[in-house]
Structure formats: C-alpha cells, structure tokens
C-alpha cells in the first residue's frame, strides 16, 4: 500500500499552527503527525505515486500551509456544468474543477425544479455515491427548494416554487438515501411537520428563501430547522409592519445561540462589514463558508445559465458574480473555496479561524466531524496545501493527490521511508 509523507509544512491543526511539521498518510487516513523539522528531499523531482510495495511519496511543502481539505456545503456547479444537468459528466467535472481550488468534499445542490428533473439529478448522484470522482468527494445531496416563499425566491424559477408536499418529499427521502440536507422556507404550510420527518431521517433541515420573522424562526428552530442557508440572502432583517419594527430572520440567526449559519464569502454577496458582523456574532464554530457556485465558477465572464443547461435561467457573469440579465439582482456565485479564504482574510479574520469555517465547522454541521475537517490522527486524509497568497499547490482526498499545481514542486518518491 503506497503512502504519502508531507514534510516542511506549516500545519493548521484544530488546536494550533505547527511550523515545520510533517504528516504521514496511509490507506486513506492520517496516521502520524510530527512537530519537528524533517530534512528536505531533493528539489526538482516530481511527486508521483510509485507501484513499489510500501512506497512513500514525499511532498516537500517548502513552508506552505497544510490545512484540512475544504468542505463546501452548498455548491451548484462550476467549469461550465451544473448538477441540475443531471449527467455523470457534469457531476464529475464540477468535482474536479473545485478540487483545483482546494475543495475535497462537497454537497451537490439542486435548484427549485419539477419533480422529474429532481429525480434525474438525484438518480445521477446515487449512481456516483461512494465512487471516485477524480476530484472532490460527494458527502450527500442538498435540496435547495422547491418549498420557498415566492417573494424571496431570488433567481429560483417561479414556475417550480410550491408548498411542502408530504407525498413528494416522503417519496424522495425514501428513494434517495443520499439526501443529507434540505433547505425550506419554514413559514410555509406543512414546513414544520416536514422538519420533523427530516430530523427522523438524519437529514439536516435548513431554512432559506423565506419571509419568516424572528418569532417564526424561533418556532422553526424548535421544530428542527437548525441551520440558516446563505445568511442575509433571500431573507428579511429588521422590517416594519403597520409602522412597528420587527426583528427578522437575520436577527433570529444571531440571537439563537445554537443556530449554525453559512455565508457566501465572495466579498460581493456580503461585503466585508457584514462578513465581520457575522463572525463577531456567530464566531468560527457556528459559521461555515460556502461558494454557492453556479456553472460559471472557473469560467470567463459572459453569458451563462443558472440551473439545467436546457431549462435554466439565462444570466450574465461580470464583476466576479452572476447577475440577472437586467442586472437587477445577483443570480448566483462564481466563487471557489480559495477565493472565500482570501476574502475572509482580507476582511480581518485570522487564518486559523478562516480555515475552521471551511473545514471543521461545516464537517460538524453535516455530522461528519468525527472523521473529516481536521488534521488529526485517524481522520480522513483530505488535505490542501497552499502558499501565503492562498494559491493551491496540492489537493489530496482520501490519501490520493487529486490536484497538483506543478509536476516539479520539490518532491520525490522513495521506498520504505
């Protein structure tokens, strides 16, 4: 069984940053962590796996940061593909695109759609579940919609917005074990009952695209809606009704201590002051960074499509974001995980806190923090190596190198080390 040893890295562990550290990976797991400097291997040799028995691939990080692999809880697409295309080609291409930006695990996310289109996407996921992708690994499907408030639909297709339908969602959760989270407007008729069913099935109930006010969110939390989908986007803050002020969903997310939130940290959906406010109020243990990326991630500016290629919404990509053609609203993010990290650092967050928000915290939200999201012995060998400018050098998932920036990045392979 081949293994990988990363040497001369600055390791970002759950407790501290270790300069000149080393990590040994074997059989898809982290098996050892060293805190002392290790002699640099010869330079200008390629990092390649060798077929020799007990061979060890040595990667010299040259002082770069070594972090847990990034975990994206909410992603629709990238590289010209969308999960709603419903094809294996699209799923794999998206996984590979985001791996180049440090992501090792993701929850493919749907948009509001007709039942048949949802079925096609979910069936594709089930065919690929647990199989190698050549990129980031899939850790469950996220259904975003179609049970939303029409007034807060954003760029979601209004033709498919509807109230929770027990017959429909019961069929979907029975047929597709890969469903791991579902975003719903909790004020809709039947939404509270739906949360109870999701909780029974171990599915994360999140609230989103909602007209709910503070009291509605408190009630929703009591019924199982424990996570806020893309905080600030498609929800109300402080508002007036009949001249009186009411706290909105945003304030509820801040005031309910146990509530977790996710933010599109591209610097455009939320500018730096709001990023700072979320971090101040919720902290890195309750805040996850998400890309919410659509097919335009990793693609040049210009026209694109949000949702399925043959039935989606035409959008335009410019200024680092997707917009409706009339430029009246955003229509999705084109961010990648490395951009989220840079944006948070630029907003004044520390590197350890920022990395936690895209590794350990999302792992905890998804209930997988016992084996993903941290550099710790016995955890999955999911890692990303990046320089001081957050340029990704290596992405490793399950102990396999799934992205390498340079074929000659000061590495070598040797046996029996």
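Measuring between their Cα centroids, region 62-133 and region 208-224 lie 28 Å from each other. Using a Debye calculation, one point per C-alpha and no hydration shell, please list log10 I(q)/I(0) for region 70-365 at q = 0.14, 0.15 Å⁻¹ in order. So the normalised log intensities work out to -0.99, -1.16.
Hey, what angle do you get for helix 337-346 against the long axis of the chain, alpha-carbon based, 0 to 90 degrees rounded to 10? Once rounded, one gets 80 degrees.
Computed from the Cβ-Cβ distance with R0 of 45 Å, the FRET efficiency linking residue 346 to residue 89 stands at 0.80. Per-residue extension of 0.36 nm, minus the Cα-Cα distance of residue 244 and residue 391, leaves a gain of 48.0 nm for this segment. Against the main long axis of the alpha-carbon atoms of the chain, helix 166-175 sits at an angle near 20°. For the chain, DSSP calls about 60 percent of its internal beta bridges antiparallel.
Can you give the percent of C-alpha pairs in region 77-219 whose distance is more than 20 Å? Spell out each step's value before the answer.
Values: 4751 of 10153 pairs.
Of the Cα pairs, 47 percent sit more than 20 Å apart.
Sort 6-19, 270-283 for me by packing, meaning the mean count of neighbouring Cβ atoms within 10 Å per residue, highest on top.
Details: 6-19: 18.6, 270-283: 16.6.
Descending mean neighbour count gives 6-19, 270-283.
Is it possible to state the helix-based mean residue ellipticity at 222 nm for the chain, with each DSSP H run of 4+ residues giving -39500 (n - 2.57), the sum divided by total residues, to the nearest 500 deg cm²/dmol? What is it? Can you show the working numbers first?
Details: 10 runs with 97 residues, N = 417.
Rounded to the nearest 500, it is -7000 deg cm²/dmol.
Okay, which of region 280-297 sit inside 18 Å, backbone N to the point 7 Å along the Cα-Cβ direction of residue 33? Answer for region 280-297: 285.
Projected label points at residue 318 and residue 171, each 7 Å from Cα along the beta carbon direction, are separated by 4.3 nanometres.
How much length, in nm to one decimal, is gained on full extension between residue 150 and residue 255, taken as 0.36 nm per residue of separation minus their Cα-Cα distance? Don't skip to the answer; put the middle values down first.
Working: separation 105, 0.36 × 105 = 37.80 nm, distance 2.59 nm.
Taking 0.36 nm per residue and subtracting the Cα distance, the gain is 35.2 nm.
To the nearest ten degrees, helix 191-200 and the longest principal axis of the Cα atoms of the chain are 30 degrees apart.
Would you mind putting 364-373, 229-238, 102-111 in packing order, based on average other-beta-carbon counts within 10 Å, highest first?
Working: 364-373: 18.9, 229-238: 21.1, 102-111: 28.9.
Answer by packing, highest mean first, reads 102-111, 229-238, 364-373.
Of the peptides 331-338, 200-207, how do they stack up when ordered by the mean number of other Cβ atoms within 10 Å, highest first? Before the final figure, lay out the partial values.
Working: 331-338: 27.1, 200-207: 20.1.
Averaged packing, sorted descending, gives the order 331-338, 200-207.
Bear in mind these aren't lab numbers, they're just calculated from the coordinates by the rules spelled out. Remember, predicted model here, so these are calculated numbers, not experimental data. Because the Cβ atoms are built from the backbone with ideal geometry, glycine has one as well, and the counts that use them run over all protein chains shown.
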